[in-house]
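Asks: First, the structure itself, so that you have it in front of you.
The values are calculated or read from the model by the stated rules, or taken from the named source; none is laboratory data. From a predicted model like this one, the values you see are computed outputs, not experimental measurements. Cβ: placed from backbone, ideal geometry, glycine included. Neighbour counts: every protein chain shown. In case anyone asks, the SASA skips ligands and DNA or RNA and just uses the protein heavy atoms, side chains included. Shrake-Rupley method; radii C 1.70, N 1.55, O 1.52, S 1.80 Å.
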Amino acid sequence: MQFAVPPRKGPVAPPSTRSSSLTFQRRKQLKTITTLSIALFTLFLLLSQLFYSSTETAAAARGTPGLVIVTVLDHTLYGDHYLQKIIKNREHYAQRHGYTNFFANLSDYDSYIGYAPRSWGIVPVLRHAMAKHPSSTYFFHLDAHALFMDPSKTLDAHLLNKHRLEALMRRDVPIVPPDSIIKTFSHLRSDDIDLMITTDAEDLSTGSFVLRQGDFARFFLDTWFDPLYRSYNFAKAETHTLEHVVQWHPTALARLALIPQRVINAYSKDSPSAGVDGTYKDGDLVIRFFGCDTDPERNCERELDPYYSLWAKKLKFE
Ligand SMILES: *[C@@H]1O[C@H](CO)[C@@H](O)[C@H](O)[C@H]1NC(C)=O
(Lines give C-alpha, C1' and ligand atoms only; values in the text may rest on other atoms or scores of the structure.)
Protein backbone atom coordinates (compact mmCIF):
# COMPACT_ATOMS: atom_id res chain seq x y z
CA MET A 1 0.00 0.00 0.00
CA GLN A 2 2.81 2.37 0.68
CA PHE A 3 3.94 1.89 -2.96
CA ALA A 4 0.60 2.97 -4.35
CA VAL A 5 1.09 5.71 -6.92
CA PRO A 6 -1.56 7.71 -8.68
CA PRO A 7 -2.17 6.53 -12.26
CA ARG A 8 -0.30 8.61 -14.77
CA LYS A 9 -1.21 9.39 -18.31
CA GLY A 10 1.30 9.65 -21.08
CA PRO A 11 5.07 9.67 -20.98
CA VAL A 12 6.77 11.11 -17.98
CA ALA A 13 10.06 12.97 -18.03
CA PRO A 14 12.87 11.02 -16.42
CA PRO A 15 14.05 12.38 -13.08
CA SER A 16 16.81 14.91 -13.57
CA THR A 17 19.19 12.86 -11.45
CA ARG A 18 19.21 10.22 -14.15
CA SER A 19 20.11 12.56 -16.97
CA SER A 20 23.04 13.87 -15.02
CA SER A 21 24.27 10.31 -14.77
CA LEU A 22 24.42 9.99 -18.58
CA THR A 23 27.86 10.13 -20.03
CA PHE A 24 28.88 12.91 -22.36
CA GLN A 25 29.00 10.38 -25.22
CA ARG A 26 25.46 9.17 -24.60
CA ARG A 27 24.12 12.71 -24.48
CA LYS A 28 25.80 13.50 -27.79
CA GLN A 29 24.19 10.39 -29.33
CA LEU A 30 20.78 11.38 -28.01
CA LYS A 31 21.17 14.88 -29.40
CA THR A 32 22.07 13.50 -32.83
CA ILE A 33 19.10 11.15 -32.82
CA THR A 34 16.74 13.96 -31.79
CA THR A 35 18.08 16.30 -34.47
CA LEU A 36 17.80 13.55 -37.08
CA SER A 37 14.25 12.70 -36.06
CA ILE A 38 13.21 16.34 -36.25
CA ALA A 39 14.87 16.68 -39.65
CA LEU A 40 13.17 13.52 -40.94
CA PHE A 41 9.82 14.59 -39.59
CA THR A 42 10.16 18.02 -41.21
CA LEU A 43 11.13 16.39 -44.50
CA PHE A 44 8.14 14.12 -44.24
CA LEU A 45 5.86 17.10 -43.60
CA LEU A 46 7.36 19.02 -46.50
CA LEU A 47 7.06 16.08 -48.87
CA SER A 48 3.51 15.28 -47.90
CA GLN A 49 2.59 18.96 -48.30
CA LEU A 50 4.25 19.03 -51.69
CA PHE A 51 2.55 15.86 -52.80
CA TYR A 52 -0.78 17.06 -51.51
CA SER A 53 -0.64 20.42 -53.26
CA SER A 54 0.64 18.92 -56.49
CA THR A 55 -2.31 16.54 -56.71
CA GLU A 56 -4.56 19.48 -55.90
CA THR A 57 -3.19 21.66 -58.69
CA ALA A 58 -3.19 18.75 -61.11
CA ALA A 59 -6.85 18.21 -60.34
CA ALA A 60 -7.62 21.92 -60.59
CA ALA A 61 -5.82 22.13 -63.92
CA ARG A 62 -7.84 19.21 -65.21
CA GLY A 63 -10.85 21.31 -64.35
CA THR A 64 -13.39 18.73 -63.30
CA PRO A 65 -12.96 18.04 -59.58
CA GLY A 66 -16.30 18.06 -57.92
CA LEU A 67 -18.39 18.99 -60.88
CA VAL A 68 -21.99 19.23 -59.73
CA ILE A 69 -24.97 18.77 -62.05
CA VAL A 70 -27.82 20.90 -60.73
CA THR A 71 -31.40 19.87 -61.54
CA VAL A 72 -34.59 21.58 -60.39
CA LEU A 73 -37.51 19.15 -60.16
CA ASP A 74 -41.09 20.30 -59.94
CA HIS A 75 -42.93 17.46 -58.24
CA THR A 76 -46.17 19.44 -58.28
CA LEU A 77 -46.38 19.32 -62.10
CA TYR A 78 -44.65 16.04 -62.99
CA GLY A 79 -45.14 12.52 -61.77
CA ASP A 80 -42.50 10.24 -60.39
CA HIS A 81 -42.66 7.99 -63.43
CA TYR A 82 -41.35 10.78 -65.66
CA LEU A 83 -38.93 12.38 -63.19
CA GLN A 84 -37.31 9.05 -62.37
CA LYS A 85 -36.20 8.73 -66.00
CA ILE A 86 -34.49 12.11 -65.83
CA ILE A 87 -32.88 11.21 -62.51
CA LYS A 88 -31.69 7.81 -63.75
CA ASN A 89 -30.13 9.32 -66.87
CA ARG A 90 -28.21 11.90 -64.83
CA GLU A 91 -27.17 9.48 -62.15
CA HIS A 92 -25.67 7.21 -64.75
CA TYR A 93 -23.78 10.07 -66.38
CA ALA A 94 -22.47 11.45 -63.07
CA GLN A 95 -21.41 8.04 -61.80
CA ARG A 96 -19.52 7.30 -64.97
CA HIS A 97 -17.34 10.42 -64.66
CA GLY A 98 -17.23 10.99 -60.91
CA TYR A 99 -19.56 13.98 -60.94
CA THR A 100 -22.14 14.80 -58.30
CA ASN A 101 -25.85 15.35 -58.79
CA PHE A 102 -27.80 17.98 -56.89
CA PHE A 103 -31.51 17.33 -57.35
CA ALA A 104 -33.62 20.11 -55.88
CA ASN A 105 -37.30 19.88 -55.03
CA LEU A 106 -38.62 23.22 -56.31
CA SER A 107 -41.28 23.39 -53.57
CA ASP A 108 -38.52 23.68 -50.98
CA TYR A 109 -37.59 27.08 -52.45
CA ASP A 110 -41.04 28.65 -52.66
CA SER A 111 -40.34 31.00 -49.77
CA TYR A 112 -37.29 32.44 -51.58
CA ILE A 113 -39.16 32.85 -54.85
CA GLY A 114 -42.15 34.56 -53.25
CA TYR A 115 -44.62 35.94 -55.77
CA ALA A 116 -42.18 35.84 -58.67
CA PRO A 117 -42.55 33.17 -61.39
CA ARG A 118 -41.33 29.77 -60.19
CA SER A 119 -38.75 29.61 -62.97
CA TRP A 120 -36.71 31.90 -60.70
CA GLY A 121 -36.06 28.84 -58.55
CA ILE A 122 -32.81 28.05 -60.35
CA VAL A 123 -31.00 30.94 -58.62
CA PRO A 124 -31.59 29.96 -54.96
CA VAL A 125 -31.10 26.32 -55.95
CA LEU A 126 -27.67 27.13 -57.40
CA ARG A 127 -26.73 29.07 -54.29
CA HIS A 128 -27.83 26.14 -52.17
CA ALA A 129 -25.87 23.66 -54.31
CA MET A 130 -22.72 25.78 -53.91
CA ALA A 131 -23.19 26.03 -50.16
CA LYS A 132 -23.66 22.27 -49.98
CA HIS A 133 -20.55 21.58 -52.09
CA PRO A 134 -18.07 24.29 -51.09
CA SER A 135 -15.05 22.51 -52.56
CA SER A 136 -16.60 21.78 -55.95
CA THR A 137 -15.49 23.97 -58.82
CA TYR A 138 -18.11 23.74 -61.54
CA PHE A 139 -21.89 23.77 -61.33
CA PHE A 140 -23.74 22.66 -64.44
CA HIS A 141 -27.34 23.76 -64.36
CA LEU A 142 -29.32 21.64 -66.80
CA ASP A 143 -33.08 22.06 -67.11
CA ALA A 144 -35.00 18.97 -66.04
CA HIS A 145 -36.53 18.39 -69.49
CA ALA A 146 -33.28 17.18 -71.01
CA LEU A 147 -31.28 13.98 -71.37
CA PHE A 148 -27.60 13.14 -71.60
CA MET A 149 -27.44 11.33 -74.93
CA ASP A 150 -23.72 10.67 -75.29
CA PRO A 151 -22.55 9.71 -71.81
CA SER A 152 -19.05 8.89 -73.06
CA LYS A 153 -18.26 12.62 -73.32
CA THR A 154 -16.68 14.14 -70.22
CA LEU A 155 -17.50 17.76 -69.54
CA ASP A 156 -13.80 18.36 -69.19
CA ALA A 157 -12.80 17.28 -72.69
CA HIS A 158 -16.04 18.54 -74.18
CA LEU A 159 -16.06 22.06 -72.66
CA LEU A 160 -14.05 22.91 -69.55
CA ASN A 161 -10.57 22.04 -70.68
CA LYS A 162 -8.60 25.26 -71.20
CA HIS A 163 -7.79 24.67 -74.85
CA ARG A 164 -11.19 23.32 -75.70
CA LEU A 165 -12.94 26.32 -74.13
CA GLU A 166 -10.55 28.69 -75.85
CA ALA A 167 -11.57 27.17 -79.18
CA LEU A 168 -15.29 27.23 -78.41
CA MET A 169 -15.58 30.84 -77.20
CA ARG A 170 -17.60 32.97 -79.59
CA ARG A 171 -15.99 36.41 -79.65
CA ASP A 172 -17.40 39.78 -80.67
CA VAL A 173 -20.90 38.44 -81.32
CA PRO A 174 -24.17 39.94 -79.98
CA ILE A 175 -24.71 38.73 -76.43
CA VAL A 176 -28.48 38.71 -76.94
CA PRO A 177 -29.68 37.38 -80.29
CA PRO A 178 -30.20 38.36 -82.92
CA ASP A 179 -28.40 41.70 -82.85
CA SER A 180 -27.85 43.32 -79.45
CA ILE A 181 -25.44 46.27 -79.54
CA ILE A 182 -23.48 44.73 -76.69
CA LYS A 183 -21.16 42.02 -77.96
CA THR A 184 -19.02 39.44 -76.24
CA PHE A 185 -15.50 40.70 -75.54
CA SER A 186 -12.94 39.62 -78.09
CA HIS A 187 -9.88 39.76 -75.80
CA LEU A 188 -11.02 37.19 -73.22
CA ARG A 189 -9.04 33.99 -72.59
CA SER A 190 -10.39 30.79 -71.09
CA ASP A 191 -8.74 31.68 -67.77
CA ASP A 192 -11.03 34.70 -67.44
CA ILE A 193 -14.20 32.65 -67.72
CA ASP A 194 -16.59 31.85 -64.87
CA LEU A 195 -19.81 31.44 -66.82
CA MET A 196 -20.26 29.28 -69.92
CA ILE A 197 -23.58 29.72 -71.64
CA THR A 198 -25.31 29.51 -75.02
CA THR A 199 -28.01 31.39 -76.89
CA ASP A 200 -30.85 30.05 -79.00
CA ALA A 201 -32.47 32.15 -81.73
CA GLU A 202 -34.08 34.48 -79.20
CA ASP A 203 -32.39 34.49 -75.81
CA LEU A 204 -29.52 33.60 -73.55
CA SER A 205 -30.35 30.05 -72.43
CA THR A 206 -30.83 29.84 -68.70
CA GLY A 207 -31.76 26.19 -69.11
CA SER A 208 -28.18 25.05 -69.59
CA PHE A 209 -25.03 26.77 -68.35
CA VAL A 210 -21.93 26.12 -66.29
CA LEU A 211 -20.93 28.45 -63.45
CA ARG A 212 -17.60 28.27 -61.65
CA GLN A 213 -17.83 28.64 -57.87
CA GLY A 214 -16.08 31.68 -56.39
CA ASP A 215 -16.34 35.42 -55.75
CA PHE A 216 -17.76 36.11 -59.17
CA ALA A 217 -20.43 33.43 -58.83
CA ARG A 218 -21.57 34.95 -55.52
CA PHE A 219 -21.74 38.45 -57.00
CA PHE A 220 -23.44 37.13 -60.10
CA LEU A 221 -26.14 35.11 -58.34
CA ASP A 222 -26.88 37.95 -55.91
CA THR A 223 -27.18 40.45 -58.74
CA TRP A 224 -29.32 38.12 -60.80
CA PHE A 225 -31.69 37.51 -57.87
CA ASP A 226 -32.05 41.18 -56.95
CA PRO A 227 -35.61 41.78 -55.62
CA LEU A 228 -36.00 44.72 -57.98
CA TYR A 229 -35.61 42.43 -61.00
CA ARG A 230 -37.89 39.78 -59.58
CA SER A 231 -40.69 42.31 -59.05
CA TYR A 232 -40.10 44.03 -62.38
CA ASN A 233 -42.26 41.61 -64.38
CA PHE A 234 -39.92 41.06 -67.28
CA ALA A 235 -41.88 39.04 -69.86
CA LYS A 236 -39.36 36.21 -69.57
CA ALA A 237 -38.61 36.62 -65.86
CA GLU A 238 -35.12 35.34 -64.98
CA THR A 239 -34.06 35.04 -68.64
CA HIS A 240 -34.66 38.71 -69.42
CA THR A 241 -33.07 39.68 -66.12
CA LEU A 242 -29.95 37.74 -67.03
CA GLU A 243 -29.86 39.47 -70.40
CA HIS A 244 -30.18 42.81 -68.64
CA VAL A 245 -27.38 41.96 -66.19
CA VAL A 246 -24.84 40.86 -68.80
CA GLN A 247 -25.55 43.89 -71.00
CA TRP A 248 -25.33 46.45 -68.21
CA HIS A 249 -22.55 44.99 -66.08
CA PRO A 250 -19.22 44.68 -67.91
CA THR A 251 -18.05 42.81 -64.79
CA ALA A 252 -20.37 39.99 -65.80
CA LEU A 253 -19.60 40.20 -69.51
CA ALA A 254 -15.88 39.97 -68.70
CA ARG A 255 -16.40 36.53 -67.14
CA LEU A 256 -18.76 35.12 -69.71
CA ALA A 257 -18.08 32.76 -72.59
CA LEU A 258 -20.73 32.30 -75.22
CA ILE A 259 -20.34 28.82 -76.70
CA PRO A 260 -22.07 27.13 -79.64
CA GLN A 261 -25.54 25.97 -78.68
CA ARG A 262 -25.15 22.27 -79.38
CA VAL A 263 -22.20 21.89 -77.01
CA ILE A 264 -24.49 21.78 -73.94
CA ASN A 265 -27.92 22.82 -75.17
CA ALA A 266 -29.04 21.02 -78.36
CA TYR A 267 -32.78 21.48 -78.96
CA SER A 268 -35.10 18.66 -79.99
CA LYS A 269 -36.75 19.08 -83.39
CA ASP A 270 -40.05 20.02 -81.71
CA SER A 271 -38.46 22.88 -79.74
CA PRO A 272 -39.04 26.36 -81.11
CA SER A 273 -36.34 28.92 -81.75
CA ALA A 274 -33.22 26.80 -81.96
CA GLY A 275 -30.24 28.93 -82.95
CA VAL A 276 -28.22 28.47 -86.13
CA ASP A 277 -27.06 24.83 -85.97
CA GLY A 278 -28.75 24.49 -82.58
CA THR A 279 -30.90 21.44 -83.31
CA TYR A 280 -29.92 18.08 -81.83
CA LYS A 281 -27.85 15.72 -83.93
CA ASP A 282 -26.82 12.19 -83.12
CA GLY A 283 -23.66 12.31 -81.00
CA ASP A 284 -24.49 15.53 -79.13
CA LEU A 285 -23.95 15.50 -75.37
CA VAL A 286 -27.49 16.50 -74.41
CA ILE A 287 -30.92 16.96 -75.93
CA ARG A 288 -33.33 19.50 -74.49
CA PHE A 289 -37.06 19.47 -74.98
CA PHE A 290 -37.20 23.22 -74.71
CA GLY A 291 -40.67 24.65 -74.19
CA CYS A 292 -42.36 21.28 -73.67
CA ASP A 293 -43.31 22.50 -70.18
CA THR A 294 -44.87 25.79 -71.24
CA ASP A 295 -46.66 24.86 -74.47
CA PRO A 296 -50.03 23.24 -73.65
CA GLU A 297 -49.96 21.47 -77.04
CA ARG A 298 -46.82 19.56 -76.08
CA ASN A 299 -46.11 16.74 -73.67
CA CYS A 300 -42.64 16.46 -72.14
CA GLU A 301 -42.81 12.79 -71.30
CA ARG A 302 -44.10 11.77 -74.72
CA GLU A 303 -41.27 13.72 -76.37
CA LEU A 304 -38.60 12.41 -74.05
CA ASP A 305 -39.58 8.75 -74.21
CA PRO A 306 -38.13 7.78 -77.61
CA TYR A 307 -34.80 9.39 -76.71
CA TYR A 308 -34.82 7.74 -73.32
CA SER A 309 -35.27 4.35 -75.01
CA LEU A 310 -32.48 5.14 -77.44
CA TRP A 311 -30.20 6.04 -74.53
CA ALA A 312 -31.12 2.91 -72.59
CA LYS A 313 -30.54 0.73 -75.65
CA LYS A 314 -27.14 2.30 -76.29
CA LEU A 315 -26.09 1.49 -72.72
CA LYS A 316 -26.85 -2.18 -73.23
CA PHE A 317 -24.42 -2.39 -76.15
CA GLU A 318 -21.53 -0.63 -74.41
C1 LIG B 1 -41.05 18.47 -52.11
O2 LIG B 1 -41.15 19.45 -51.11
C3 LIG B 1 -42.46 19.63 -50.59
C4 LIG B 1 -42.45 20.81 -49.65
O5 LIG B 1 -41.23 21.00 -49.00
C6 LIG B 1 -42.91 18.34 -49.92
O7 LIG B 1 -44.21 18.49 -49.42
C8 LIG B 1 -42.87 17.22 -50.95
O9 LIG B 1 -43.19 15.99 -50.34
C10 LIG B 1 -41.48 17.12 -51.58
N11 LIG B 1 -41.54 16.13 -52.63
C12 LIG B 1 -40.62 15.18 -52.77
C13 LIG B 1 -40.84 14.21 -53.89
O14 LIG B 1 -39.62 15.09 -52.08
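Asks: Sequence-distant or interchain residues sharing an amide H contact under 5 Å with LYS183, placed H: which?
Replies: The answer is ILE175.
Asks: Quick one: how many Å² of CYS292 are accessible to a 1.4 Å probe, rounded to 10?
Replies: Using a 1.4 Å probe on the heavy atoms, I get roughly 10 Å².
Asks: Continuing with this model, one more query. What is the gain in length, in nm to one decimal, between GLU297 and GLU91 on full extension, counting 0.36 nm per residue of separation less the C-alpha to C-alpha distance?
Replies: Values: separation 206, 0.36 × 206 = 74.16 nm, distance 2.97 nm.
Full extension from GLU297 to GLU91 adds 71.2 nm.
Asks: Answer rounded, prolate or oblate for the stretch 234-317, using the Cα gyration tensor with square roots of eigenvalues a ≥ b ≥ c: rounded when a/c is under 1.5, else prolate when a/b is larger than b/c, else oblate. If you can, show how the numbers build up before the last one.
Replies: Values: a/c = 2.93, a/b = 1.66, b/c = 1.77.
It comes out oblate by the Cα gyration axes.
Asks: Next question. Ignoring ligands, DNA and RNA, what percent of the 1.4 Å accessible area of the stretch 169-318 is carbon and sulfur?
Replies: Details: 3890 of 7340 Å².
Solvent-exposed carbon and sulfur of the stretch 169-318 make up 53 percent of the total.
Asks: Also, I was wondering about something else. Give me the lysines in straight-line cross-link reach of LYS314: C-alpha distance below 23 Å, same-chain residues under 8 apart excluded.
Replies: LYS85, LYS88, LYS153, LYS269, LYS281
Asks: By the scheme Lys and Arg +1, Asp and Glu -1, what is the net charge of all other residues having a beta-carbon under 15 Å from that of ARG262?
Replies: +1
Asks: What is the extension gain from SER231 to ARG170, computed as 0.36 nm multiplied by their sequence separation minus the C-alpha to C-alpha distance, in nm to one decimal? Show your work: numbers first, answer last.
Replies: On the way: separation 61, 0.36 × 61 = 21.96 nm, distance 3.23 nm.
Roughly 18.7 nm would be gained on extension.
Asks: Shifting gears a bit: Let me check I have the definition right: for the stretch 199-280, take the eigenvalues of the Cα gyration tensor, multiply each by 5, take square roots. What are those semi-axes in whole Å, largest first? Mind dumping the intermediate values first?
Replies: Numbers: eigenvalues 112, 52, 20 Å².
Those come to 24, 16, 10 Å.
Asks: Give me the aspartates and glutamates in straight-line cross-link reach of LYS313: C-alpha distance below 20 Å, same-chain residues under 8 apart excluded.
Replies: The qualifying aspartates and glutamates are GLU91, ASP150, ASP282, ASP284, GLU301, GLU303, ASP305.
Asks: Another one. Under 1.5 on a/c is rounded, so check that first for the stretch 67-316, then, if it is not, pick prolate when a/b is larger than b/c and oblate when it is not; a ≥ b ≥ c are the square roots of the alpha carbon gyration tensor eigenvalues.
Replies: Working: a/c = 1.34, a/b = 1.17, b/c = 1.15.
Because its axes are fairly even, with a/c under 1.5, the stretch 67-316 counts as rounded.
Asks: Could you give the nm distance between label points at TYR112 and LYS314, where each point is 7 Å from its Cα heading toward the beta carbon?
Replies: Placing both labels 7 Å along Cα→Cβ, they lie 3.2 nm apart.
Asks: Considering the dipole of the stretch 67-316 built from charges on the beta carbon (Lys and Arg +1, Asp and Glu -1) around the Cα centre, which of LEU159, MET196, ASN233 is farthest to its positive end?
Replies: Going by the Cα projections, it comes out as LEU159.
Asks: Report the one residue of VAL246, CYS292, LEU315 whose Cα lies farthest in the direction of the positive end of the charge dipole of the stretch 191-318 (charges on C-beta: Lys and Arg +1, Asp and Glu -1; origin at the Cα centre).
Replies: LEU315
Asks: Next question, about the same structure. Between PHE209 and residues 5 or more places away or on another chain, which pairs have amide H atoms under 5 Å apart, with H built 1.01 Å from N, and which residues are they?
Replies: Close amide H contacts, sequence-distant or interchain: HIS141.
Asks: Something else now. Amide H neighbours of PHE234 under 5 Å, at least 5 residues apart or on other chains, H built in the peptide plane: list them.
Replies: Residues meeting the criterion, in which the H sits 1.01 Å from N, do not exist here.
Asks: If I model a spin label at HIS158 and ASP192 as a point 7 Å from the Cα along the Cα→Cβ vector, what separation in nanometres do I get?
Replies: 2.7
Asks: A further question follows. Please name which of LEU147, TRP224, TYR93 has its Cα lying farthest along the dipole of the stretch 67-316 towards the positive end, using unit charges on Cβ (Lys, Arg +1; Asp, Glu -1) and the Cα centre as origin.
Replies: TYR93
Asks: Mind checking the dipole of the stretch 67-316: about its Cα centre, +1 per Lys or Arg Cβ, -1 per Asp or Glu Cβ, Debye to the nearest 20? Intermediate results must be reported in sequence, preceding the final value.
Replies: On the way: 28 positive and 32 negative charges, 160 e Å.
My answer is approximately 760 debye.
Asks: Still on this structure, I have one more. For the stretch 67-316, what is the accessible area per residue in Å² when the probe is 1.4 Å? Present the calculation step by step, with values, prior to reporting the outcome.
Replies: Numbers: 11360 Å² over 250 residues.
Result: 45 Å² of accessible area for each residue.
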